[in-house]
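Below is one structure; the comments refer to it alone.
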């Protein structure tokens, strides 16, 4: 029965590879309203010299990076604004991993999360052709035009000076992105997109997921923002949208070919204090480096990601990694950072958190205070998720029963 | 639960722990130390009385005005004093190595803050002290600078102190030395309790988790007498919210949350240096116990210390998880 349901793609190497992020620029063509990068700017662009120092440090300290595989991740702002630098970095990485006989040479990927605007350009296309077998590229398209353009708007010249455009001056980016989706899917047929939900987006969730399916995107990874942006009644509306989406997916048999990360069979269960005590987030297992050559436990701890806390710097390309500053991350567990209500929650499983947001929202300088702004949204998701699986399994059971009955009738006739 | 209130009587009150006071960073209209205003002192005492807290007054080098003495004596308390004010001290802080020879250390509880190098250079003075004091607390001031290459050196230093203790024990004096005898007597963690069992009142009328936070940055206060005590994320200062420490049996470790905040950036996570140093001391305590048993020397209420094969429990963390 389960083989009839498309599942979300399992992470490369089961998610055990080292993720190393180059923050190549803090600039972006867009100014998405829900973006957690509060300090985007045009000045902090990574130089080749800084990138090379970072690579030399990382590859030169193989004993500190013993994971079997590596994902070289490129992030911004918008990473493809720095395609020339990225191309040079990737060429150097390949050459150096080979020259050093590094254990990552045959086990690496280059990963990008892009707004898709420059995807079709000659330089990006040349890069894709050159590295295709080692590439993962995700284009972010948020759904229907009205949902996408609600948040994902073009940056205006005044924004850097803090001048926000009037609503009538806002220009959405949907058309500039959607035109590149066919090319992207042709080059990466199994690729999924990432959709972000903030309070204003809720009414458009169902239409957006179905729209993305209609574009040929078979996997929609979708999540609510972790920040405290939710209003009274958002959870009910959210639940209603997901329930309607569940009906549409099941009635239209879309589950056979398409997946939506909102619906997962095993979420919404109580969690054991001891056996289910692992941390959710990979911060600290990852490494991020920015234009100044500073290392972070993940990109969310760089200053441009933080509203109210200082950057959590764990070292730099010259002095290496200060392991003391990684210890809090590597000893994190679920219960120590959670309040009693979360520890004893009856629908705890699948309730996510972002360590960076936890730190940013915490009352003190700590990664051990779990932010709970998404609590009511998670509970709403669980209710809709339960509905989805109860309805889907009942449908498949009945189908199975009908099929068995049909076969059994055939046999009787044969006799 | 809170049990102790430390009151710094002056912004130049003597340091009795890992931190060093930085008085020059506090502009004072008097050009020198800033004495706690009398009304703040009185309000602090009333606060302690209402919260059922034991008060520990920390004195500066300079003598206090008479009116202060009268207020201090209005409540039961402990006096932590520098040598210059040794009279009636409950705990004496030895601020100069030369002061180790004076009569007032006899049968006293004394504290020495020193780097490992200073300790090594003055080891004969420390040995001499062990023959006089009832208890000696040695506070290392260079934990953050400790390197793994120095493990052997610190082990040797503790071995020297351990041998000195044995010689004193042979005379029948069961002197206590925090680095080596505390672990023999403890069956659970005995950390400093900053922000959990203990809070500090500074001369500016504000509360701090411990004096180190005040001297480090006076803006990082935990409330004030005027607005009340406000310790944020207090649960993270407790042992059960310290993922490494709650599994650890280096019970004598002070688990200094100020050093944690400084070295690992999170108050509940100890640095590699703090863990290694505490485990070298733990293992040296184990060796001391073995030596005592071999010599037929007995101290009441000691406990066996199991053998372990690590110095930093962080390296074993995956097993505990």
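The values are calculated or read from the model by the stated rules, or taken from the named source; none is laboratory data. Keep in mind that what you see is a predicted model, and the values were worked out from it rather than measured. Note: ideal-geometry Cβ built from the backbone for every residue, glycine included; neighbour counts use all protein chains shown.
Out of all the residues in the range A:268-285, which are at pLDDT below 95 and crowded, with 20+ Cβ neighbours inside 10 Å?
If the condition is that a residue be at pLDDT below 95 and crowded, with 20+ Cβ neighbours inside 10 Å, then A:279, A:281, A:283, A:284 are the ones that fit.
Quick grid of which residues meet (1) more than 23 Å from residue A:214 (Cα to Cα); (2) in contact (Cβ under 8 Å) with a residue 60 or more places away in the chain; (3) in a strand (DSSP E or B):
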site: A:236; (1), (2), (3): yes, yes, no
site: A:244; (1), (2), (3): no, no, no
site: A:247; (1), (2), (3): no, yes, no
site: A:263; (1), (2), (3): no, yes, no
site: A:269; (1), (2), (3): yes, yes, no
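Looking at this structure, is residue A:249 closer than 25 Å to residue A:190 by Cα and buried (at least 22 other Cβ atoms within 10 Å of the Cβ)?
Answer is yes for this residue.
Does the range B:269-282 contain at least one residue that is surrounded by 23 or more Cβ atoms within 10 Å (Cβ to Cβ) and in contact with a strand residue (DSSP E or B) (Cβ under 6 Å, 6 or more places away or on another chain)?
Among the residues of the range B:269-282, not one is surrounded by 23 or more Cβ atoms within 10 Å (Cβ to Cβ) and in contact with a strand residue (DSSP E or B) (Cβ under 6 Å, 6 or more places away or on another chain), which makes the answer no.
Looking at the structure I just gave you, is residue B:178 over 18 Å from residue B:9 (Cα atoms), modelled with pLDDT under 95 and more than 14 Å from every other protein chain (Cβ to nearest Cβ)?
In short, no.
Here are the criteria: (1) assigned to a helix (DSSP H, G or I); (2) more than 20 Å from the chain's Cα centre (by Cα); (3) within 23 Å of residue A:40 (Cα to Cα). Tell me which single one residue A:163 does not satisfy.
Every listed condition holds for residue A:163 apart from (1).
Since residue A:68 meets every condition but one in (1) modelled with pLDDT of 90 or more; (2) assigned to a loop (DSSP other than H, G, I, E, B); (3) farther than 30 Å from residue A:264 by Cβ, which condition does it not meet?
(3)
Does the range B:190-198 contain any residue that is under 18 Å from residue B:302 (Cα atoms) and either within 17 Å of the chain's Cα centre (by Cα) or at pLDDT below 95 (or both)?
Yes, the range B:190-198 contains a residue that is under 18 Å from residue B:302 (Cα atoms) and either within 17 Å of the chain's Cα centre (by Cα) or at pLDDT below 95 (or both).
Looking at the range B:42-53, which of its residues are under 21 Å from residue B:11 (Cβ atoms) and buried (at least 19 other Cβ atoms within 10 Å of the Cβ)?
Selection gives B:44, B:45, B:47, B:48.
Residue B:216 passes all but one of (1) modelled with pLDDT of 95 or more; (2) buried (at least 17 other Cβ atoms within 10 Å of the Cβ); which number fails?
(1)
Of the conditions (1) touching a helix residue (DSSP H, G or I) at 6+ places or on another chain (Cβ under 8 Å); (2) buried (at least 19 other Cβ atoms within 10 Å of the Cβ); (3) touching a residue at least 24 places away in the same chain (Cβ under 8 Å), residue B:67 satisfies every one except a single condition; which number is it?
For residue B:67, the exception is condition (2).
Would the range A:280-290 turn up any residue that is touching a residue at least 24 places away in the same chain (Cβ under 8 Å), within 22 Å of the chain's Cα centre (by Cα) and at the interface with chain B (Cβ under 10 Å from one of its Cβ atoms)?
Looking through the range A:280-290, none of the residues is touching a residue at least 24 places away in the same chain (Cβ under 8 Å), within 22 Å of the chain's Cα centre (by Cα) and at the interface with chain B (Cβ under 10 Å from one of its Cβ atoms).
So in the range A:101-126, with the set limited to residues that are more than 23 Å from the chain's Cα centre (by Cα) and within 20 Å of residue A:55 (Cα to Cα), which one is surrounded by the most Cβ atoms within 10 Å (Cβ to Cβ)?
Result: A:104.
Kindly provide the set of residues from the range A:19-35 that are closer than 22 Å to residue A:225 by Cβ, assigned to a loop (DSSP other than H, G, I, E, B) and in contact (Cβ under 8 Å) with a residue 12 or more places away in the chain, ordered by number.
Correct list: A:26, A:27, A:28, A:29, A:31, A:32, A:33, A:34.
Among (1) within 30 Å of residue A:122 (Cα to Cα); (2) out of contact with any strand residue (DSSP E or B) (no Cβ under 9 Å at 6 or more places or on another chain), which single condition is residue A:193 missing?
Condition (2) is where residue A:193 drops out.
Tally time: how many residues in the range A:351-364 are surrounded by fewer than 17 Cβ atoms within 10 Å (Cβ to Cβ) and touching a residue at least 24 places away in the same chain (Cβ under 8 Å)?
1
If we keep just the residues of the range B:137-192 that are in contact with a strand residue (DSSP E or B) (Cβ under 7 Å, 6 or more places away or on another chain) and assigned to a helix (DSSP H, G or I), which is farthest from residue B:261 (Cα to Cα)?
So, considering only residues that are in contact with a strand residue (DSSP E or B) (Cβ under 7 Å, 6 or more places away or on another chain) and assigned to a helix (DSSP H, G or I), the one farthest from residue B:261 (Cα to Cα) is B:165.
Check whether at least one residue in the range A:248-264 is under 24 Å from the mean Cα position of the chain (by Cα) and within 30 Å of residue A:331 (Cβ to Cβ), and report yes or no.
Scanning the range A:248-264 turns up at least one residue that is under 24 Å from the mean Cα position of the chain (by Cα) and within 30 Å of residue A:331 (Cβ to Cβ).
For the range B:247-321, which helices (runs of 4 or more DSSP H) that fit wholly inside it have 1 or more residues that are under 22 Å from residue B:157 (Cβ atoms) and within 14 Å of chain A (Cβ to nearest Cβ)?
By residue number, B:257-263, B:272-295.
Would you check if residue B:257 is touching a strand residue (DSSP E or B) at 6+ places or on another chain (Cβ under 7 Å) and closer than 30 Å to residue B:162 by Cα?
yes
The conditions are (1) away from chain A (no Cβ under 14 Å); (2) part of a loop (DSSP other than H, G, I, E, B), and residue B:199 fails exactly one of them. Which is it?
Here residue B:199 meets the rest and fails (2).
Look through A:361, A:380 and report the one residue that is modelled with pLDDT of 95 or more, within 30 Å of residue A:244 (Cβ to Cβ) and more than 9 Å from chain B (Cβ to nearest Cβ).
Step by step, each of A:361, A:380 is checked, and only A:380 is modelled with pLDDT of 95 or more, within 30 Å of residue A:244 (Cβ to Cβ) and more than 9 Å from chain B (Cβ to nearest Cβ).
Name the one entry in B:56, B:117 that is outside any loop (DSSP other than H, G, I, E, B) and loosely packed, with under 14 Cβ neighbours inside 10 Å.
B:117
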